[in-house]
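Below is one structure, written out as structure tokens; comments come after it.
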Amino acid sequence: MSLATLLVLADGRFPAGGHAHSGGAEAACKAGRIHDAATLADFCRGRLHTAGVTAAALAAAAALGLDPVELDAAADARTPSPALRAAARRLGRQLMRAARATWPDPGLDALAAAFPRGAHQPVVLGTAARAAGLGALDAAHVAAYESVSGPATATVRLLGLDPFEASGVLARLAPELDGVAAGAAEAALLARTEGPDALPAPSSPLLEIAAQVHADWPVRLFAS
Amino acid sequence: MTPAAPATTPAPPAGLRATARIGAVRDGRGGTALPLLAGEGPLALRRTRDEGAEAGVMLVGAMSAPLGGDHLTVEADAGPGARLAMRSAAATLALPGRGGEPARYDVRLSLAEDAQVRWLPEQLVSVRGSDLRVRTRAELAPTARLMLREEQVLGRTGEAPGTLRARLTVIRGGRPLLDQELSCGPGAPGGWDGPAGIAGHRALGQLLVVDPRFDADPPAARVLGEFAAVTPLAGPAVLVTALAPDALRLRELLDEAARAYGW
């Protein structure tokens, strides 16, 4: 694998539309559950070990070459909130456009054809990683990192939190991010023989509920 | 010189293993028969009064297991057109064991074509020091209907919770419909009680209703206050998820949902 290629895919400036989503941080800030760097860190840790683990495992499995249609169904089953399913597909469609332009590949073309309205973002991410010559662990790292970097940057905009503090939150999560990515890559290997049921499915009830609350707001800064 | 201690201490007794099995079939007279109703150990089963075509089963009495190291399993198989309701007489307490090893509680439901199952046990209470892994797996034929309630209470009144990991997997027509895992307590990954976890709530639960009629008429997504939501799944099913300060308030929310979406 190429470290530089990994940086291109993981770069927040990669034009995949992620900046429009807060990963649940907007609802949590409005409710007062995130109000400073400490509560942001707690939020990010909770998201990493739930939605982040699930996304990282799906991305790793797609990067390994498991059937993306089956993985997309597994992602649907792991996402009870229709608002979050819609956001995941919108993000998947945007990432697909950027990835196909960046790393043209028949695997990406086939996935785009199977899901014209967008596959779940982690499945597209893993397929894009594979197209770029990256491995399962790389894809898992990107998914795990995105699960916390989105809420951290969103909180800077929502609360006017000091960006240095937000970066510190992410930096201190690095060992846990590495652990989640390694676990996801291992689970993906298991799923290759046992099927997508073997992938982990941790979820946060409050993230699902708050996503529905957020979707009902008439005006919001972030799409999710 | 004192005599040497034995080289090995006797192994602690292995945890309890018990399986309860329920088999429901159409009885040919418009009702449901239970040719298999076999409890074991702390999992005792009683047939209760039928409600129309639906046979009732109660898990009774000594449900205060599982202790650490125990492995309990409940298996229910509803044949074509059979209708079954399962309840429990009391809450289940997850208790610490002597060896510190986790307890396991598995529920496996199998629903054939046109079968209807209501799985409505009382709360699971995660007692301080306990470590329980719950695995619920339901496999449904495409025309089957399922109503399933899960409630978790973290600690008795004023008590810190034990560690609880609960995974719920629902497969319909061979495809995954719902797959989610919850981890709470001191053995759970970080952040479980925080703003992206359960934010200090001590009762949480869900009601799942799978019903083919939702294919044509899916329930709308809806929020029920700040900490509960009705979410239509990617299939003919609706999941109501709720966090509450206590078990009573949680039950009120889920009862209301049951009246709105169940039968």
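Per the listing A:SER167, A:SER224, A:SER204, the residue uniquely more than 14 Å from every other protein chain (Cβ to nearest Cβ) and of a type in the set (Ser, Thr, Tyr) is A:SER167. For B:LEU243, the conditions (1) buried (at least 21 other Cβ atoms within 10 Å of the Cβ); (2) at the interface with chain A (Cβ under 8 Å from one of its Cβ atoms); (3) within 29 Å of B:THR143 (Cβ to Cβ) are fulfilled apart from (3).
In region B:234-263, what residues are part of a loop (DSSP other than H, G, I, E, B) and touching a strand residue (DSSP E or B) at 6+ places or on another chain (Cβ under 6 Å)? Answer for region B:234-263, where residues must be part of a loop (DSSP other than H, G, I, E, B) and touching a strand residue (DSSP E or B) at 6+ places or on another chain (Cβ under 6 Å): B:GLY235, B:ASP246, B:GLY262.
Considering region B:196-222, the residues that are closer than 24 Å to A:THR155 by Cα and open to solvent by 10 Å² or more (accessible area, probe 1.4 Å) include one that is farthest from the other protein chains (Cβ to nearest Cβ), namely B:GLY200. Of all residues in region B:85-115, exactly one satisfies the criterion of being farther than 27 Å from B:LEU248 by Cβ, open to solvent by less than 20 Å² (accessible area, probe 1.4 Å) and touching a residue at least 40 places away in the same chain (Cβ under 8 Å), namely B:ALA115.
Evaluated against (1) away from every other protein chain (no Cβ under 13 Å); (2) open to solvent by 20 Å² or more (accessible area, probe 1.4 Å), A:ALA181 falls short on exactly one condition, (2).
For residues that are part of a strand (DSSP E or B) and open to solvent by 40 Å² or more (accessible area, probe 1.4 Å), scanning just region B:166-177, find the one that is farthest from the other protein chains (Cβ to nearest Cβ). Outline the logic, then answer.
Let us first name the residues in region B:166-177 that are part of a strand (DSSP E or B), namely B:166-172, B:175-177.
The next check asks that each one be open to solvent by 40 Å² or more (accessible area, probe 1.4 Å); those that pass are B:172, B:175.
Working: B:ARG172: 10, B:ARG175: 6 Å.
Checking each candidate, the answer is B:ARG172.
Filtering region B:232-263 to residues that are free of Cβ contacts under 8 Å to residues at least 60 places away in the same chain, aliphatic (A, V, I, L, M) and under 23 Å from A:ALA83 (Cβ atoms) leaves B:LEU233, B:ALA234, B:VAL238, B:VAL240, B:ALA242, B:LEU243, B:ALA244, B:LEU253, B:ALA257, B:ALA260. Apart from one condition, A:PRO15 fits all of (1) more than 12 Å from every other protein chain (Cβ to nearest Cβ); (2) in a helix (DSSP H, G or I); (3) surrounded by fewer than 24 Cβ atoms within 10 Å (Cβ to Cβ); the exception is (2). Kindly establish whether A:GLU176 is closer than 21 Å to A:PRO80 by Cβ and touching a residue at least 24 places away in the same chain (Cβ under 8 Å). No, not satisfied.
Looking only at region A:120-137, residues that are in a helix (DSSP H, G or I) and more than 13 Å from the chain's Cα centre (by Cα) come to 7 in all.
From A:ARG89, A:ARG117, grab the single residue that is without any contact (Cβ under 8 Å) to a residue 60 or more places away in the chain, outside any helix (DSSP H, G or I) and open to solvent by 20 Å² or more (accessible area, probe 1.4 Å). Unique residue meeting the criteria: A:ARG117.
I need the full set of residues from region B:88-117 which are touching a strand residue (DSSP E or B) at 6+ places or on another chain (Cβ under 6 Å) and under 18 Å from B:LEU36 (Cβ atoms), in order please.
Of all residues in region B:88-117, those touching a strand residue (DSSP E or B) at 6+ places or on another chain (Cβ under 6 Å) come to B:88-89, B:91-95, B:97, B:102-111, B:115-117.
Correct list: B:ASP106, B:VAL107, B:ARG108, B:LEU109, B:SER110, B:LEU111, B:ALA115, B:GLN116, B:VAL117.
Please enumerate the residues belonging to region A:190-216 that are over 24 Å from B:GLN206 (Cα atoms) and not basic (Lys, Arg).
Answer for region A:190-216, where residues must be over 24 Å from B:GLN206 (Cα atoms) and not basic (Lys, Arg): A:LEU190, A:ALA191, A:THR193, A:GLU194, A:GLY195.
Say whether the condition of being more than 9 Å from chain B (Cβ to nearest Cβ) and over 12 Å from the mean Cα position of the chain (by Cα) is met by at least one residue in region A:41-61. Taking every residue of region A:41-61 in turn, at least one turns out to be more than 9 Å from chain B (Cβ to nearest Cβ) and over 12 Å from the mean Cα position of the chain (by Cα). Of everything in region B:178-190 that's within 7 Å of another protein chain (Cβ to nearest Cβ) and open to solvent by less than 10 Å² (accessible area, probe 1.4 Å), which residue is farthest from B:GLY100 (Cα to Cα)? Once the filter is applied, the top-ranked residue is B:LEU178. Scanning region B:34-52 for residues that are assigned to a loop (DSSP other than H, G, I, E, B) and crowded, with 16+ Cβ neighbours inside 10 Å returns B:GLY39, B:PRO42. Inspect region B:157-165 for any residue being among the β-branched types (Val, Ile, Thr), touching a residue at least 60 places away in the same chain (Cβ under 8 Å), open to solvent by 50 Å² or more (accessible area, probe 1.4 Å) and out of contact with any strand residue (DSSP E or B) (no Cβ under 6 Å at 6 or more places or on another chain) and give the result as yes or no. Checked against the condition, which is being among the β-branched types (Val, Ile, Thr), touching a residue at least 60 places away in the same chain (Cβ under 8 Å), open to solvent by 50 Å² or more (accessible area, probe 1.4 Å) and out of contact with any strand residue (DSSP E or B) (no Cβ under 6 Å at 6 or more places or on another chain), region B:157-165 yields no hits at all. Residue count for region A:51-86 under the criterion of being in contact with a strand residue (DSSP E or B) (Cβ under 7 Å, 6 or more places away or on another chain) and open to solvent by 20 Å² or more (accessible area, probe 1.4 Å): the result is 2.
Here B:GLY191, B:GLY225 are screened, and the one residue that is over 24 Å from A:GLY52 (Cβ atoms) and outside any helix (DSSP H, G or I) is B:GLY225.
Taking the criterion of being touching a residue at least 60 places away in the same chain (Cβ under 8 Å) and open to solvent by 20 Å² or more (accessible area, probe 1.4 Å), the residues of region A:31-49 that qualify are A:ALA31, A:HIS35, A:ASP36, A:ALA41, A:ARG45, A:ARG47, A:HIS49.
The values are calculated or read from the model by the stated rules, or taken from the named source; none is laboratory data. In this text the structure is predicted, and so the values were computed from the model without any measurement. Note that we place each Cβ from the backbone using ideal geometry, even for glycine, and neighbour counts take in every protein chain shown. The protein model used for the area step is the full one, side chains on, heavy atoms only, and it has no ligands, DNA or RNA in it. Shrake-Rupley method; radii C 1.70, N 1.55, O 1.52, S 1.80 Å.
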